[in-house]
């Protein structure tokens with residue numbers, strides 16, 4: 001969701017689809033590069049600390065972007081640096097939370113509820129939600145806009 005918000009922010013603030021594409025790339029790619037290292041860190045050093053670290057980095061990044069943008073002091077290169085640096089810690093919370101859930105689930109519920117949305121069912125539900133969420137605003141927009 002943050003990636004979509006970043007793209008919409010860049011498009012509304014800078015009016016540059018190219019910059020929005022680079023921002024989306026930097027919001028994803030650095031995290032993909034360091035994800036094997038993040039997995040090893042989570043296994044060896046504890047999950048909760050690294051999940052907290054990622055949330056703190058993400059909070060600081062969003063507050064920096066919002067604050068500097070409100071003051072009209074957010075140049076494009078600084079935006080890209082902030083997004084790229086915050087992307088480096090994203091695998092910590094993504095992977096950490098997924099691996100933490102089976103530990104937190106009660107023993108008798110682990111088989112049933114720790115992996116209910118794994119694999120194909122999760123992807124199908126995710127795609128269905130996106131299709132539904134795209135259809136609702138489209139209907140609302142078509143009801144309001146009537147060209148003459």
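The values are calculated or read from the model by the stated rules, or taken from the named source; none is laboratory data. Keep in mind that this is a model prediction, so the values were computed, not measured. When we count neighbours, we look across all protein chains shown, and the Cβ atoms used for this are built from the backbone with ideal geometry, even at glycine.
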Legend entry - Scope region 1-18; condition touching a helix residue (DSSP H, G or I) at 6+ places or on another chain (Cβ under 9 Å) and within 19 Å of residue 71 (Cβ to Cβ); matching residues: 6, 9, 10, 13, 14
Legend entry - Matching residues in region 38-55 - criterion: being in a helix (DSSP H, G or I) and either more than 11 Å from residue 89 (Cβ to Cβ) or modelled with pLDDT of 95 or more (or both): 39, 40, 42, 43, 44, 45, 47, 48, 49
Inset, instruction - Could you run through region 62-75 and say how many residues are under 16 Å from residue 8 (Cβ atoms) and either touching a strand residue (DSSP E or B) at 6+ places or on another chain (Cβ under 9 Å) or surrounded by 13 or more Cβ atoms within 10 Å (Cβ to Cβ) (or both)? - result: 4
Inset, instruction - Examine region 119-131 for a residue that is surrounded by 15 or more Cβ atoms within 10 Å (Cβ to Cβ) and either touching a helix residue (DSSP H, G or I) at 6+ places or on another chain (Cβ under 6 Å) or at pLDDT below 65 (or both), and state whether such a residue exists. - result: no
Inset, instruction - Keeping to region 1-42, report how many residues are loosely packed, with under 12 Cβ neighbours inside 10 Å and farther than 17 Å from residue 87 by Cα. - result: 6
Legend entry - Pair list, Cβ under 6 Å, 6 or more apart: region 46-68 residue without any contact (Cβ under 8 Å) to a residue 24 or more places away in the chain, other residue assigned to a helix (DSSP H, G or I) and surrounded by 13 or more Cβ atoms within 10 Å (Cβ to Cβ): 64/82
Inset, instruction - Being touching a residue at least 12 places away in the same chain (Cβ under 8 Å), under 14 Å from residue 28 (Cα atoms) and surrounded by fewer than 22 Cβ atoms within 10 Å (Cβ to Cβ) is the filter here, so list the residues in region 76-88 that pass it. - result: 80, 82, 84, 85, 88
